[in-house]
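Have a look at the structure below before the remarks.
The values are calculated or read from the model by the stated rules, or taken from the named source; none is laboratory data. Here the structure is a predicted model, which is why all the values come from computation and not from measurement. Because the Cβ atoms are built from the backbone with ideal geometry, glycine has one as well, and the counts that use them run over all protein chains shown. Accessible surface is based on the protein model in full, side chains and every heavy atom, while ligands, DNA and RNA are left aside. Shrake-Rupley method; radii C 1.70, N 1.55, O 1.52, S 1.80 Å.
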Amino acid sequence: MPTLTTDIRAIKGIGEQRAKSLAKLHIATLRDLIAYFPRSYEDRTAVTPIARLQSGETACVEAMVAAAPTLSRVRRGLELVKLRAVDATGTLDITFFNQPYMKDQLKAGETYTFCGKVEGALLRRQMTNPVVEREGQHLLTGRIVPIYPLTAGVSQSILIRSMAQGLAACRDLLPDPLPEPVRQEHKLCHISYAYDQIHFPADQETLAIARRRLVFEELFLFAIGLKKLRTRRSAVAAAPCPVTDLTDFTAALPFALTDAQRRVIGEILADLSSGRPMNRLVQGDVGSGKTMVAAAAMVCAAKNGLQSALMAPTEILAEQHYRGLAPLLEGLNLRCALLTGSMKAAQRRALLTQLADGAVDIAIGTHALISPDVAYQNLGLVVTDEQHRFGVAQRSALSAKGTDPHLLVMSATPIPRTLSLIIYGDLDASVIDQLPPGRQAVDTFAVPGSYRQRIYAFLRKHIAAGRQAYIICPMVEENDALPDDRKAVKEYAAMLQEQVFPDLRIAFVHGRMKAKEKDAVMSAFAAGETDILVSTTVVEVGVDVPNAAVMVVENAERFGLSQLHQLRGRVGRGQHKSYCILISDNRGEETQARLKAMTRLRDGFRIAEEDLKLRGPGDFFGQRQHGLPAMKIADLSCDIALLQEAQSAAERLLQEDPELSSHPLTAQRVEELFAAQGASLN
């Protein structure tokens, strides 16, 4: 008898090779299979007579194969199966590319349903590689059909047929993590019905019923997990930091802290002195002064005999932090050190000894800080910069170097308040909502590609005045499957050097380069050795270049607003007037509304809210790496009301049963969700 943990190879038609392909979709067991939800649906309930087919539409036709299909080999690697299908109204020519088995699978005189895109003229209608099914089968046609995300070696028909087998084998074995009173109170369907209808809905109404149940369940379990994370952390003791006088720190600063910085530092000091581990997120726009807030926390830790570690996602950013903080902190008699992967062995050994015996108060570095051979004498504060670049497992690995150390995470990626609970719900949040005096506003313009020559002249003018510029492209290399207007970084940089700016110094950088190569290019740009840096979004979070005054973004419609705001934050960091130019030839109403919002808005949180409203949460969830469980079915652009309902239900359940001892299935499912991301709830 199959169980939920039965290997996927028990499904008919799934052998070793296909199982390897499915593993890329994280499908290894029957439970993984049926929990792999469709991304969309296609309504194939309507059947269209051949005579009424319109070229360009996708349609389903019931037609008889008029004569035996023919197989021809056009050239090596290209085989064609051709046939003619007929109904009472006309004929349809059908071609299958590289599917030679279709010749024997389709029989003359038998009727099939063909679903595909209609091509050709009125009297010569055609379909290429349609979905085909014997008349009356109604697994791939004649119904609302699920559409799944795919990978190489796995087709829609394979997944749909496998899903039908998987559901038949184990739909009734699914344990329901929703307590029965919760399910009834919120009028939610049974779990087996929900899984049946999410994959093979009878109609739109049953699909909506199934989806509501599964979205509620996902958000309910998530809310319980976050609440338990918070509760577990508050129950743990941490070394308190009673000494919180930072007068010498603020006096050493060459500028006055903003009121927002002072407020957030106060929140941090309250955490540090509480006797419980701090778990705080500090959000602030680019240039709002998060690093100085972190420095205040590290000074407080050092005054109380604790070491601090600040982890940045790249060597160049770690070095920037070190250059900026070391003179200030060492002026307060605190010992700082930089630890990166590229250090020489002898230098590294000496530094590891100093960390272990407490000779270093503050370590600044990259992932090297969590290497197995790194030990701290008394690590009491962990700071991670650009939180979205690190997962829970990486944060935990650094925290494990100490005994329940305080945790401070910083992010310049503004998250809409409606999403902050989901993305950072396990952390207390502080917002630095004020920029220091004198911070330059960046004038932003959205223009079509016809302005490109004027933009080049604008760049030349500013470079002649001694400034530098970024040009951002959305991809690395040309790809024939994508529109030709996508600018490839290497080719675009070469074109600028050869045809537009032969007398200027142009470099390029992209994410597929080795870390040392990227750092070398960025360091040269920061040192003023490059005039124009052509880049992908790898510079979205990066080194400060106060001399950079122009940011040009090609194909701006391909970026989310929050990402555009991050890119814009790369300029305007010095004393020079700065500009951001967004180029897009997409005249769509939504695109124009988004780009117009960029020219109008300056506040990152307002931009993030606008992005959520216009595009949904994809930008925030698509690239997130914070390590909390990913949303498999919930869509927070339309499920906000259900989120609030699920959160309320989760809070009531935890009030009644804080340890979930009376709800073991709920507890088990929550633990599984979070354990998969390296976040233990125990």
List the lysines whose alpha-carbon lies under 26 Å from that of Lys303, not counting same-chain residues fewer than 8 positions away? Lys290, Lys401
Set the Förster distance to 45 Å, then compute FRET efficiency between Asp603 and Asp172 from the Cβ-Cβ distance, nearest 0.05. 0.30
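According to the Cα gyration tensor, what semi-axes, each the square root of 5 times an eigenvalue, does the equivalent ellipsoid of the stretch 84-181 have, listed from largest to smallest in whole Å?
Details: eigenvalues 239, 45, 38 Å².
Ellipsoid semi-axes (Å, largest first): 35, 15, 14.
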Which one, Ile265, Ala294, Leu22, is farthest towards the positive end of the dipole of the chain when Lys and Arg carry +1 and Asp and Glu -1 on their Cβ? Leu22
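Just from its helices, what would the mean residue ellipticity at 222 nm be for the chain, if runs of 4 or more DSSP H residues each count -39500 (n - 2.57) and the sum is divided by every residue, rounded to the nearest 500 deg cm²/dmol?
Values: 23 runs with 255 residues, N = 682.
The per-residue figure over the chain is -11500 deg cm²/dmol.
Stokes-Einstein diffusion coefficient for the stretch 207-261 at 25 °C in a medium of 0.890 mPa s, Rh from the Kirkwood formula over Cα pairs: what value in µm²/s? Don't skip to the end; give the middle numbers.
On the way: Rh = 16.2 Å.
The estimated diffusion coefficient comes to 152 µm²/s.
Order the following by accessible area, largest value first: Lys401, Lys227. Probe radius 1.4 Å; ligands, DNA and RNA are ignored. Please report the intermediate quantities before stating the final value.
Numbers: Lys401 45, Lys227 95 Å².
So the residues, ranked largest to smallest area, are Lys227, Lys401.
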Which order do Arg348, Arg262, Arg558 take by accessible area at a 1.4 Å probe, largest first? Arg262, Arg558, Arg348
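Which order do Glu589, Glu180, Glu267, Glu217 take when ranked by solvent-accessible area (1.4 Å probe, heavy atoms of all protein chains), largest first?
Details: Glu589 160, Glu180 80, Glu267 60, Glu217 20 Å².
Listed by decreasing accessible area, they come as Glu589, Glu180, Glu267, Glu217.
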Given all pairs of different Cα atoms, what value in angstroms does the Kirkwood hydrodynamic radius of the stretch 536-612 take? 12.9
Heavy atoms of the protein only, probe of 1.4 Å, neighbouring chains included. What is the accessible area of Phe508 in Å², nearest 10? 70
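Over the chain, what per residue volume does the convex hull of the Cα atoms give, in whole Å³? It would help to have the intermediate numbers written out before the result.
Details: hull volume 135.8 nm³, N = 682.
Normalising the Cα hull of the chain by residue number yields 199 Å³.
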Mind checking the per residue accessible area of the chain for me, 1.4 Å probe, whole number of Å²? 44
Using label points projected 7 Å from each Cα along Cα→Cβ, tell me how many nm separate Ala51 and Asn333, to one decimal. 9.9
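How many percent of the accessible area of the stretch 29-87 is carbon or sulfur, using a 1.4 Å probe? Intermediate results must be reported in sequence, preceding the final value.
Working: 1520 of 3250 Å².
Heavy-atom surface of the stretch 29-87 belonging to carbon and sulfur, 1.4 Å probe: 47 percent.
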About the Cα centre of the chain, what is the dipole size in debye to 20, counting +1 per Lys and Arg Cβ and -1 per Asp and Glu Cβ, all else neutral? 1180
Considering the dipole of the chain built from charges on the beta carbon (Lys and Arg +1, Asp and Glu -1) around the Cα centre, which of Leu53, Pro38, Thr206 is farthest to its positive end? Leu53
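Per Stokes-Einstein, at 25 °C and 0.890 mPa s, what whole-number D in µm² s⁻¹ belongs to the stretch 129-287, with the Kirkwood radius over Cα pairs as the hydrodynamic radius? Each step should come with its number before you reach the end.
Details: Rh = 21.4 Å.
D = 115 µm²/s.
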Which loop-located GluC sites (Glu not before Pro) does the stretch 72-152 contain, where loop means any DSSP state but H, G, I, E or B and the Cβ has at most 10 other Cβ atoms within 10 Å? Glu110
List, in order, the whole-Hz ³J(HN,Hα) value for each residue of the stretch 544-554 obtained from phi through the Karplus relation with A = 6.51, B = -1.76, C = 1.60 and θ = phi - 60°; use x for Gly and Pro. 6, 10, x, 7, 6, 10, 10, 10, 10, 10, 6
Find how many whole Å separate the alpha carbon centroid of the stretch 161-236 from the alpha carbon centroid of the stretch 56-97. 42
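Return the carbon/sulfur percentage of the accessible area of the stretch 488-593, one whole number, probe 1.4 Å, all protein chains in place. Before the final figure, lay out each step's value.
Values: 1940 of 4090 Å².
Carbon plus sulfur share of accessible area: 48 percent.
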In the chain the DSSP beta bridges are antiparallel at a rate, in percent to nearest 5, of 40
